[in-house]
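See below for the structure under consideration.
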Amino acid sequence: MSEILSLSAAGAAKAVASGELDARELFETYRARAAADQLNAFVWVAEAVPPAVEGPLGGVPLAVKDLFCTEGVPSQSGSRILEGYRPPYTATVVERLAAQGAPLLGKTNQDEFAMGSSTENSAFGPVHNPWDRGRVPGGSSGGSAAAVAARLAPWALGTDTGGSIRQPAALCGIVGLKPTYGAVSRYGMIAFASSLDQAGPLTRDVTDAALLYSKMVGARDPRDSTSLDFPGAIELPVRADLAGVRIGVPAELSGEGIEPGVLEAFEATLELARTLGASVEPCALPHAPHALAAYYVLAPAEASSNLARFDGVRYGYRSSDADDLIGMYTRTRHDGFGAEVKRRIMLGTYALSSGYYDAYYGRAQRVRTKIAEDFSAGFERFDFIATPTAPGVAFELGAKTSDPLAMYLNDFCTVPMSLAGIPAISIPCGLAEPPGGGRALPVGFQLAGPAFSENVLLGAAFALEQALAFDGSVPDDA
Amino acid sequence: MSVELEPVIGLEIHVQLATATKMFCGCELGFGEPPNTRTCPVCIGLPGALPVVNARAIHFGLMIGLALGCELAPRSIFHRKNYFYPDLPKGYQISQYDEPLCRGGSLAGVRIHRVHLEEDAAKLIHIGSSGRIHGSQLSVVDFNRGGTPLVEIVTEPDLHSPAQAREWLELLRATLRALGVSDVNMDEGSLRADANVSLRPRGSTALGTKTELKNMNSFRFLERGVAAEIERQRAIIEAGAEVVQETLHFDPGSGAITSLRSKEEAQDYRYFPEPDLVPIATTDAMLEAARAAMPELPAARAERLERDLGLGAERAHQLAFRVELGDFYERALACGGADPVALANWVGGELVARTADGDPAASLVTPAALSALVAMVSGHSLSGTAAREVLDVLVAQGGDPETVAAERGLGALDDDTGLAAIVARVIAEDPAAAEKVRAGNPKAIGALVGPIMRETRGRADGAEVTRLIRDALGLEAIEGQAP
Amino acid sequence: MIEREEVRHVARLARLALSDEEVDRMAVELAGVLDHIATIEQLDLDAVEPTSHVVAVENALRADVPQPSLARDLVLASAPAVADDGFAVPSPQA
């Protein structure tokens, strides 16, 4: 059984294709582990092994974040307001992956409506980081990240709005990819912020990420107006070095506010990149310091509107405390939404309200333009831009829950790429001690590229990954 | 001191488009379907569902813009209009805000402010007291209608009387009907109109405080509602008070005007660009397709009917602006045999009088039958009176005029013995009248024609009767005398 | 600073019931975030176009062809309250 667990998803797919491994045994191995999950990574686990589906993904079971609609299976986006909700349809991306041979293993826990960086905002309890159970796995795709890191799932789907795939990948020592905006269909993804949300893979290594991603993109989804045809196919990476690769490092996102241990691991990785033949130079992103502010206007604004449909009328929770319509609305939403969600709805509503639109939403949209321009200018001189993924290693459960702003700062390295709509990948690049001392924890290295550069991005990440040889196994006594 | 006050009226019209499917999803449009059987994740606002724009709705929107002489935007986007109501499944309506599909334009001298696309709300049915929910009243939502494509047309405040507002709206309706983009039926809700009403001193160019009269669902109620609101505002102003800006409802039964929304509920719609949709760029192909689909519009049709067929201005206008009538008329004309002017008078006069709402489709008479009927009258094989009786039958039961006339023995009396005998007897019974006719008194002949027509139950052709009378009295036939 | 009345007004717009204590706490939390967001006020953005759509795509349109609707029992399956084949809610007029 441990042999099965030691196989990467790509390795397992190959073994199934060659007949060495039985797909049903593969599924049952992971199903049993997921069902015995102690990390609270799963909110639902398949009760039986599904009929085998042939396909390039080899029947390798897939853990899927709670917010993806899966027909007949709970899809709650981590919220009490959707507790037990079973949709009558399945998200396009989940459907496509299942058709290619990746059956649904289970639904993973997340911050409520994808709002958070620690998965402590889930209505179904926090998720524990497999590297240290007293610490967070990151968020909002914390369940997916923890499941992959703890080998409760071979691979997983998450979503990234401001860093929600990349940051938990970094904190859990695994790989996470945020696509070019529009590359993956959003149909069936319970929305947080429409112009930022993207589905992406969380995997043990870069090859697995490439394999899963290759089946997530392709022809656009006619049911998602913002989806795009992906130019060309995603290849499995083979790159051995970084000769000729120009890497830009923005001082704005790689100095102040970053833990020393993280910076050290980051600098060491840049050094490694140089030995592989890359050139590494500073690359200014002058508006990056304002990205977080713009994001915390735009995302809550869109969310405040996207979450208006949760009104107790057609599905989900309805409060029985009120007789009148207004009371039904206000009590339903008060009871059904958690504190962070309510905060962001208030923030978003405020930013859009009469008299404030120009000062907040209007300005934030313009900051977004400038950030995209900064990246475009950067990509004229560099192939990729590199930053630490997160400003720190995994923090303790409860450490940042009393200060919303402190929590938001977790995103400052990842948010700029989300605003610009460009692809970015996080790979584990080493370990670092947390500020208070203790066991060393994973550090993530982020590489971002221009729109549709995922193939070269995965290639460069692969080369680095091979050279880093990071041991992703979680310590036995974690 | 009393200043003369002038009404200033603007209209906000919502038109349901006659597309096959909804604005943002593929649910099929219908009418009267069982509740909640024409819905999908998109139009009931399920989590994760996304809208996709109906290409035909854009096409119809462009056609409306062309018909109204608007500027068609090279790029337009959708916005979210955010508010909470049970008939609004997403908690926002996808509409257009400051980048609409069309701007400007005019129709019959009334300027158009804008034309834009949006989705219709669902249907909320108030079902009154029930024992449920602690005894409070219940409403039930049916989402079949939710998501129907709507075009909103907003005029500038260029109308100045209730009658003018009504007439203009009827003209707009005729135009939209001719385009084929909507059923524009106020009874069924495919045409809805709100009126913005204010008063100002005559000669002033400033605008007074306006009120909004919502959802008047017939042309008559619109006219009466606007008139009632003008009077209400006049009374307020003349008493020295100020008109309050508010949304009002007109009850046609009682004539009362009541406030629909309290002031506390001032709506802040928090418009922002719809992130789930991408912009509409009006391509040359889209414009070409819209132009190619344009039919002859009412004004042009009226002109043509006058010019090419010799119809009088009023009759031409009537047939052109009541599209169903005009279509019926031209189909009848195409059957041949009937004089265009006479046929127009029969369609616009006699047929209209016999059909509900003047819609010939509400009867069983066919264009061919009416054409034949008119030809029979012109050819004197049927009297005018008899023809009217035949038309009654055709409208109620259908059929062809020759058969109907024969069955009822309404054929014109033209056999000389029968009619001539009646003429001779009537003359003999009224020698005084006969004398007056001989003496040249033009009106005296009526006293003889009357009894003859009565006796023949209108079957005799008037002109023929006159001829026979004059013949019998030894007078010459009078050329060109009207029967 | 964000006034209590303003918080109540925004909560009304968002249809969120907030107790007095929650209003006060929200005022403080929002003020903190708004202060951070205020940094964008200093930027000179007059000549900059707003980005309302990140993807450079236009005219994502759908042919006007009917697609199957959901069966009604599925539509109503998750409804908190059903009456007369529809979604029952307290009447707005009540």
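The values are calculated or read from the model by the stated rules, or taken from the named source; none is laboratory data. A quick note: this is a predicted structure, and the numbers were derived from the prediction, not measured. Neighbour counts run over all protein chains shown; Cβ positions are idealised from the backbone, glycine included.
Annotations
- Listing of strands (runs of 3 or more DSSP E) fully contained in the range B:1-107 that carry 3 or more residues being under 30 Å from A:LEU82 (Cβ atoms): B:79-82, B:92-95
- Among the residues making up the range B:202-225, those that are small (Gly, Ala, Ser) and not in a helix (DSSP H, G or I) are B:GLY203, B:SER204, B:ALA206, B:GLY208, B:SER218.
- For the range B:135-158, the count of residues that are more than 19 Å from B:MET216 (Cα to Cα), assigned to a loop (DSSP other than H, G, I, E, B), free of Cβ contacts under 8 Å to residues at least 12 places away in the same chain and of a type outside the set (D, E, K, R) is nonzero.
- Selection count where residues are under 22 Å from A:ARG314 (Cα atoms) and more than 9 Å from chain C (Cβ to nearest Cβ), scope the range B:44-66: 6
- The residue list B:GLN267, B:GLN318 contains one member that is within 14 Å of chain C (Cβ to nearest Cβ) and within 30 Å of B:ASP187 (Cβ to Cβ), which is B:GLN267.
- Identity of the residue in the range A:386-415, outside any loop (DSSP other than H, G, I, E, B) and more than 13 Å from chain C (Cβ to nearest Cβ), that ends up farthest from A:TYR213 (Cα to Cα): A:GLU396
- The range C:37-73 - residue that is more than 10 Å from chain B (Cβ to nearest Cβ) and surrounded by 16 or more Cβ atoms within 10 Å (Cβ to Cβ) and, of those, nearest to B:ALA55 (Cα to Cα): C:VAL48
- Flag if C:VAL82 is surrounded by fewer than 19 Cβ atoms within 10 Å (Cβ to Cβ), more than 7 Å from every other protein chain (Cβ to nearest Cβ) and at pLDDT 95 or above: yes
- Where a residue in the range A:462-474 is at pLDDT below 95 and its partner, wherever it lies, is among the aromatic types (Phe, Trp, Tyr) and not in a helix (DSSP H, G or I), with Cβ under 7 Å and at least six apart: A:VAL474/A:TRP131
- Failed item in (1) at pLDDT below 90; (2) at negative phi; (3) of a type outside the set (Val, Ile, Thr), with B:GLY358 passing the rest: (2)
- Reported count of residues in the range A:225-244, each being touching a helix residue (DSSP H, G or I) at 6+ places or on another chain (Cβ under 8 Å) and surrounded by 24 or more Cβ atoms within 10 Å (Cβ to Cβ), is 1.
For every residue, the table says whether it meets (1) in contact with a Lys or Arg (Cβ under 8 Å, 6 or more places away or on another chain); (2) surrounded by 15 or more Cβ atoms within 10 Å (Cβ to Cβ).
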{"residue": "B:GLN233", "(1), (2)": "no, yes"}
{"residue": "B:GLY240", "(1), (2)": "no, no"}
{"residue": "B:GLY255", "(1), (2)": "yes, no"}
{"residue": "B:ASP284", "(1), (2)": "no, no"}
{"residue": "B:ALA293", "(1), (2)": "no, yes"}
{"residue": "B:ALA302", "(1), (2)": "no, yes"}
{"residue": "B:PHE321", "(1), (2)": "no, yes"}
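- Filter pass, A:SER118 being away from every other protein chain (no Cβ under 14 Å), under 19 Å from A:GLY392 (Cβ atoms), crowded, with 24+ Cβ neighbours inside 10 Å and among the small types (Gly, Ala, Ser): yes
- Scanning the range B:67-110 for residues that are surrounded by fewer than 19 Cβ atoms within 10 Å (Cβ to Cβ), in contact with a Lys or Arg (Cβ under 9 Å, 6 or more places away or on another chain) and farther than 22 Å from A:PHE310 by Cβ gives B:GLU71, B:TYR97, B:GLU99, B:ARG103, B:GLY104.
Rundown of residues vs (1) outside the structural domain of B:PHE78 (by TED's automatic domain parsing); (2) at pLDDT below 95; (3) at negative phi; (4) not acidic (Asp, Glu), yes/no style:
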residue: B:SER218; (1), (2), (3), (4): no, yes, yes, yes
residue: B:GLU223; (1), (2), (3), (4): no, no, yes, no
residue: B:ILE230; (1), (2), (3), (4): no, no, yes, yes
residue: B:ILE237; (1), (2), (3), (4): no, yes, yes, yes
residue: B:GLU274; (1), (2), (3), (4): no, no, yes, no
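- Members of the range B:105-125 that are among the β-branched types (Val, Ile, Thr) and either closer than 30 Å to B:CYS25 by Cβ or in contact (Cβ under 8 Å) with a residue 60 or more places away in the chain (or both): B:ILE112, B:VAL115, B:ILE125
- Considered as a group, the residues in the range A:361-385 that are facing chain C (nearest Cβ under 7 Å) and of a type outside the set (A, V, I, L, M) include one that is nearest to B:PHE84 (Cα to Cα), and that residue is A:GLY362.
Conditions tested, residue by residue: (1) more than 30 Å from B:ASP142 (Cα to Cα); (2) more than 11 Å from chain B (Cβ to nearest Cβ).
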{"position": "A:ALA291", "(1), (2)": "yes, yes"}
{"position": "A:ASP335", "(1), (2)": "no, yes"}
{"position": "A:ARG344", "(1), (2)": "yes, yes"}
{"position": "A:TYR350", "(1), (2)": "yes, no"}
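- The residue that is farthest from A:TYR181 (Cα to Cα), among those in the range A:431-478 that are among the polar types (S, T, N, Q) and in contact with a Lys or Arg (Cβ under 9 Å, 6 or more places away or on another chain), is A:SER473.
- Condition broken by C:PRO92, with the remaining ones in (1) surrounded by fewer than 19 Cβ atoms within 10 Å (Cβ to Cβ); (2) more than 19 Å from B:PHE84 (Cβ to Cβ) satisfied: (2)
- Yes/no for A:GLU256 being assigned to a helix (DSSP H, G or I) and either within 14 Å of chain C (Cβ to nearest Cβ) or closer than 30 Å to A:ALA284 by Cβ (or both): no
- Within the range A:219-252, being without any contact (Cβ under 8 Å) to a residue 60 or more places away in the chain and over 24 Å from A:GLU271 (Cβ atoms) holds for A:ALA219, A:ARG220, A:PRO222, A:SER225, A:THR226, A:SER227, A:LEU228, A:ASP229, A:ALA233.
- Long-range neighbours under 7 Å by Cβ, at least six apart or interchain, first residue within 11 Å of chain A (Cβ to nearest Cβ) within the range B:274-287, second of a type in the set (Asp, Glu) and surrounded by 20 or more Cβ atoms within 10 Å (Cβ to Cβ): B:PRO275/A:GLU302
- Some residue of the range A:163-182 being within 11 Å of another protein chain (Cβ to nearest Cβ), crowded, with 24+ Cβ neighbours inside 10 Å and of a type outside the set (Val, Ile, Thr): yes
- Residues in the range B:336-355 that are in a loop (DSSP other than H, G, I, E, B) and either surrounded by fewer than 17 Cβ atoms within 10 Å (Cβ to Cβ) or at pLDDT 95 or above (or both): B:GLY336, B:GLY337, B:ASP339.
- Test result for B:TYR97, among the hydroxyl-bearing types (Ser, Thr, Tyr), touching a residue at least 12 places away in the same chain (Cβ under 8 Å) and under 29 Å from B:GLN164 (Cα atoms): yes
- Cβ pairs under 7 Å, 6+ apart, first in the range B:352-372 and over 11 Å from B:GLU324 (Cβ atoms), second among the aromatic types (Phe, Trp, Tyr) and at pLDDT 90 or above: B:PRO367/B:PHE328; B:LEU370/B:TRP346
- In the set (1) touching a strand residue (DSSP E or B) at 6+ places or on another chain (Cβ under 6 Å); (2) under 28 Å from B:ARG38 (Cα atoms); (3) surrounded by fewer than 21 Cβ atoms within 10 Å (Cβ to Cβ), B:VAL154 fails one condition alone, (2).
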